[in-house]
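K.L.:
Before I ask anything, let me first share the structure, which is written out below as structure tokens.
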Amino acid sequence: MSFTLLLNHDAKTPKYKQIVKSVIGSIERGVLKQNDQLPSINELSEEYYLARDTVEKAYKELKALGVIDSVRGKGYYILNEKPTQLRVLLVMNKMSAYKKAIYEAFVSTLGDRATVNLHIHHGNTRVFKDIIKESLGHYHYYVIMPHFYSETDSNALLGILRQIPPQELILLDKDLPDLLETHPSVYQDFTHDLYDALEAGKELLDKYEELVLVFPQDVKYPPEIVTGFRNFCAHHKKASRIISTAKEENDLAGRAYVVFEDSDLAQLVKKSKQKSLVLGSNMGIVSFNDTPLKEVLADGITVVSTDHEQMGTSAAKLILEAKIAKIKNPFGLIPRKSL
């Protein structure tokens, strides 16, 4: 056995994590086999000019991962042969019914070919940075949902993502052209998706005098959606407004509302009944993301939605087939009686 440590002294990845990744990579390539002995802590630190504490920290982590074991007086040995399962880190911005659908389809498609660890970054770059820092070198793939909503967060995000080797990074739900490196992704085109969906329902929308986008301020949604809405209204010279909540809306007749939150949807349906308005006739509603309840509520709520299950399935197939591709996830209008 001849083990060569792959080490980049100029890389931002901590050296102990580079050691961990190099050992695991050597196992996966068949260079290291079960019961092979690793160099001692002193030998490795002297040969590669590393602090003894750095090597010791790496060996402790490899032991905790079940990759190596130690025998008193004899040193460190490879415990397992090449792993049969891929290790995948999935990082989402939040958990919701729609994200749960993505997760379940992703895990189901991977099946027993992979183990998946899920983390949530809550749109917080500090939390996201810590997740990636602790995870580098431990996974074959990093599947990231990169939803951050301020310019500062976006710039910091690119720096964090560039620490991940491009072939190991898969972007989910949103692509980042500014990342430049070639990487796979399964994405929504938030600007054009809404525009195209509204275009598909143009004949239904024509009977309304005004379109109103209810775009919450306290819940973060991609700002490109606003651009798509404005572009559609401008192109068709349609009167439009953007509001943050439906609470203060009273004059509903002749208007069609595009809503995100179920609370706003409930407000509008309730008010339409109070004012004896007929959904799909003198008032319209289009809701983001489909659910079984929206299908039956008030004889059916028109929705614009991506296929969340397909997104999870496509991301898993990129991993299983080791493909580098950018896949636009299906998005469209499902017309029902509310429009």
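The values are calculated or read from the model by the stated rules, or taken from the named source; none is laboratory data. Given the structure is predicted, the values throughout are model-derived calculations rather than measurements. Glycine also receives a Cβ, built like all others from the backbone with ideal geometry; neighbour counts cover every protein chain displayed. SASA here: full protein model, heavy atoms, side chains in, ligands and nucleic acids out. Shrake-Rupley method; radii C 1.70, N 1.55, O 1.52, S 1.80 Å.
K.L.:
Where the only charges are on Cβ atoms (+1 Lys, Arg; -1 Asp, Glu), what is the dipole of the chain about its Cα centre, to the nearest 20 debye?
P.N.:
On the way: 43 positive and 44 negative charges, 81 e Å.
Taking the Cα centre of the chain as origin, the dipole is about 380 debye.
K.L.:
For an R0 of 51 angstrom, estimate the FRET efficiency from the Cβ-Cβ distance between Lys12 and Val226 and round to the nearest 0.05. Before the final figure, lay out the partial values.
P.N.:
Numbers: r = 35 Å, r/R0 = 0.69.
With a Förster radius of 51 Å, E is 0.90.
K.L.:
Pick from Asp193, Asp153, Asp175 the residue whose mean-square fluctuation is largest in a GNM of the chain, springs joining Cα atoms under 10 Å.
P.N.:
Asp153
K.L.:
Out of Ser96, Ser154, Ser314, any idea which swings most in a Gaussian network model of the chain, alpha carbons joined below 10 Å?
P.N.:
Looking only at Ser96, Ser154, Ser314, the biggest GNM fluctuation is shown by Ser96.
K.L.:
Compute the FRET efficiency between Lys207 and Val127 as 1/(1 + (r/R0)^6), taking r as their Cβ-Cβ distance and R0 = 45 Å, and round to the nearest 0.05. All intermediate terms of the calculation are to be shown ahead of the outcome.
P.N.:
Working: r = 46 Å, r/R0 = 1.03.
Efficiency for this residue pair is about 0.45.
K.L.:
Now for a different question. Give, rounded to the nearest 20 debye, the magnitude of the charge dipole that the stretch 200-339 has about its Cα centre when Lys and Arg contribute +1 at Cβ and Asp and Glu contribute -1 at Cβ. Spell out each step's value before the answer.
P.N.:
On the way: 20 positive and 18 negative charges, 52 e Å.
I would put it at about 240 debye.
K.L.:
Amide H to amide H under 5 Å from Gly284: which residues, 5+ apart in sequence or cross-chain, H placed 1.01 Å off N in plane?
P.N.:
Arg255, Ala256, Tyr257
K.L.:
What's the FRET efficiency of Lys247 with Ser154 using the Cβ-Cβ distance as r and R₀ = 35 Å, to the nearest 0.05?
P.N.:
On the way: r = 31 Å, r/R0 = 0.88.
Efficiency, rounded to the nearest 0.05: 0.70.
K.L.:
What is the magnitude of the charge dipole of the stretch 123-261 about its Cα centre, with +1 placed on the Cβ of each Lys and Arg, -1 on the Cβ of each Asp and Glu, and no other charges, expressed in debye to the nearest 20?
P.N.:
For the stretch 123-261, the charge dipole is close to 180 debye.
K.L.:
Okay, moving on. Please name whichever of Gly312, Thr245, Leu265 sits farthest to the positive end of the charge dipole of the stretch 225-330, dipole taken about the Cα centre and charges placed at Cβ: Lys and Arg +1, Asp and Glu -1.
P.N.:
Selected residue: Thr245.
K.L.:
Of the beta bridges DSSP finds with both residues in the chain, what % are antiparallel, to the nearest 5? Please report the intermediate quantities before stating the final value.
P.N.:
On the way: 9 of 48 bridges.
The answer is about 20 percent antiparallel.
K.L.:
What residue among Arg113, Arg29, Arg162 shows peak mean-square fluctuation when the chain is described by a Gaussian network model with Cα springs under 10 Å?
P.N.:
Result: Arg29 has the largest fluctuation of those listed.
K.L.:
Now for a separate question. Which stretch or stretches of the stretch 44-67 have amide N atoms under 19 Å from the point lying 7 Å from Gln163's Cα along the Cα→Cβ direction?
P.N.:
54-55, 57-59, 61-62
K.L.:
I need the phi-derived Karplus couplings for the stretch 101-109: 6.51 cos²θ - 1.76 cosθ + 1.60, θ = phi - 60°, integer Hz, Gly and Pro marked x.
P.N.:
Computed from phi, the couplings for the stretch 101-109 are 5, 4, 4, 5, 5, 4, 5, 4, 5 Hz.
K.L.:
Right, something else. Convert each backbone phi in the stretch 33-38 into a coupling constant with the Karplus relation 6.51 cos²θ - 1.76 cosθ + 1.60 (shift: θ = phi - 60°), then list the ³J(HN,Hα) values in order as whole Hz, x for Gly and Pro.
P.N.:
Calculated HN-Hα couplings, in order: 10, 3, 6, 5, 9, 7 Hz.
K.L.:
Listed here are the pairs Lys247/Lys275; Lys100/Lys174; Lys237/Lys294; Lys174/Lys220; Lys60/Lys174; Lys15/Lys100; which of them are more than 26 Å apart at the Cα?
P.N.:
On the way: Lys247/Lys275 15 Å; Lys100/Lys174 17 Å; Lys237/Lys294 29 Å; Lys174/Lys220 14 Å; Lys60/Lys174 37 Å; Lys15/Lys100 35 Å.
Among Lys247/Lys275; Lys100/Lys174; Lys237/Lys294; Lys174/Lys220; Lys60/Lys174; Lys15/Lys100, the Cα-Cα distance tops 26 Å for Lys237/Lys294; Lys60/Lys174; Lys15/Lys100.
K.L.:
Calculate what fraction, in whole %, of the accessible area of the chain sits on carbon and sulfur atoms when a 1.4 Å probe is rolled over the protein chains. It would help to have the intermediate numbers written out before the result.
P.N.:
Working: 8250 of 16790 Å².
In the chain, the share of accessible area belonging to carbon and sulfur is 49 percent.
K.L.:
Rounded to the nearest whole Å², what accessible area per residue is found for the chain with the 1.4 Å probe? Can you show the working numbers first?
P.N.:
On the way: 16790 Å² over 339 residues.
Per residue, the chain has an accessible area of 50 Å².
K.L.:
Here's something else I'd like to know. How much length would be gained if the chain were fully extended between Gln37 and Val278, taking 0.36 nm per residue of separation minus their Cα-Cα distance, in nm to one decimal?
P.N.:
Numbers: separation 241, 0.36 × 241 = 86.76 nm, distance 7.61 nm.
Stretched out fully, the Gln37 to Val278 stretch lengthens by 79.1 nm.
K.L.:
Ok, one more. Per residue of the stretch 250-255, what does 6.51 cos²θ - 1.76 cosθ + 1.60 with θ = phi - 60° give for ³J(HN,Hα)? Whole Hz please, x for Gly and Pro, Karplus curve as stated.
P.N.:
In residue order, the calculated couplings are 10, 8, 8, 4, x, 10 Hz.
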